[in-house]
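Presented below is the structure to which this report refers.
The values are calculated or read from the model by the stated rules, or taken from the named source; none is laboratory data. Since this is a predicted model, take the numbers as computed values, not measurements. We place every Cβ from the backbone using ideal geometry, glycine too, and count neighbours over all the protein chains shown. These area figures cover heavy atoms from the full protein model, side chains too; ligands, DNA and RNA do not enter into them. Shrake-Rupley method; radii C 1.70, N 1.55, O 1.52, S 1.80 Å.
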Amino acid sequence: MSTKHADKAHCIRPSKKPLEKDKLALRFRETIPSTFEALEEVLENLLALARELKCDAGHLEDAELALREALVNAVIHGNRSNPEKKVVVSCFCQPHRGLLLAVQDEGPGFDPKKVPDPTGAECLLRTHGRGLFLMRQSMDHVRISHSGRRVTLLKRLHPR
């Protein structure tokens, strides 16, 4: 069972202008069990809301890829697919400016410095290990915090 509620917007400030709290079109927060069914449902619902509220500006595919990777990592690596453990998904959007996403799990965390470069020769044939790399390639800013249990993703939106 998931819980939904509004959450105070918080911003990471890696550049010139952060999202403005009073202009947010979307404030989304949901807590889900660590299952793929719940992951797919929250992803589908969040993306539909973002499109409806015009939070995409043509770049929602990048955010979807990064969010999917963050959610899969939280379920598999963070919570070890234990449905008793929860994943918290948050999203804030200021139309035509930016999209802020956060995923937090209840696992032991990880050190991003210890994640091998998936483009290295020794990693090219592996079938996993590209999630963090894809997040960094898709988003404008990726921050790992809470001892590796929270991933915060920022996508600045520029109309095409």
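Things worth noting here:
- Scan the stretch 38-58 for residues that are open to solvent by less than 50 Å² (accessible area, probe 1.4 Å) and touching a helix residue (DSSP H, G or I) at 6+ places or on another chain (Cβ under 9 Å) and the total you get is 9.
- Inter-residue pairs, beta-carbon under 6 Å, first under 22 Å from Arg80 (Cβ atoms) and without any contact (Cβ under 8 Å) to a residue 60 or more places away in the chain and in the stretch 95-122, second open to solvent by 80 Å² or more (accessible area, probe 1.4 Å) and aromatic (Phe, Trp, Tyr), 6+ apart: none
- Among the candidates Leu60, Leu71, residue that is under 17 Å from Thr152 (Cα atoms) and at pLDDT 95 or above: Leu71
- Any chance Leu100 is closer than 24 Å to Thr35 by Cβ and open to solvent by less than 10 Å² (accessible area, probe 1.4 Å): no
- So Arg80, is it under 18 Å from Met139 (Cα atoms) and basic (Lys, Arg): no
- Enumeration of residues in the stretch 18-36 that are assigned to a loop (DSSP other than H, G, I, E, B) and under 18 Å from Ala50 (Cβ atoms): Leu19, Glu20, Leu24, Ala25
- Members of the stretch 63-89 found to be within 19 Å of Ser147 (Cβ to Cβ), outside any helix (DSSP H, G or I) and open to solvent by 10 Å² or more (accessible area, probe 1.4 Å), listed by number: Arg80, Asn82, Lys85, Lys86, Val88
- Number of the exception - Leu125 against (1) over 11 Å from the mean Cα position of the chain (by Cα); (2) aliphatic (A, V, I, L, M); (3) modelled with pLDDT under 95; (4) not in a loop (DSSP other than H, G, I, E, B): (4)
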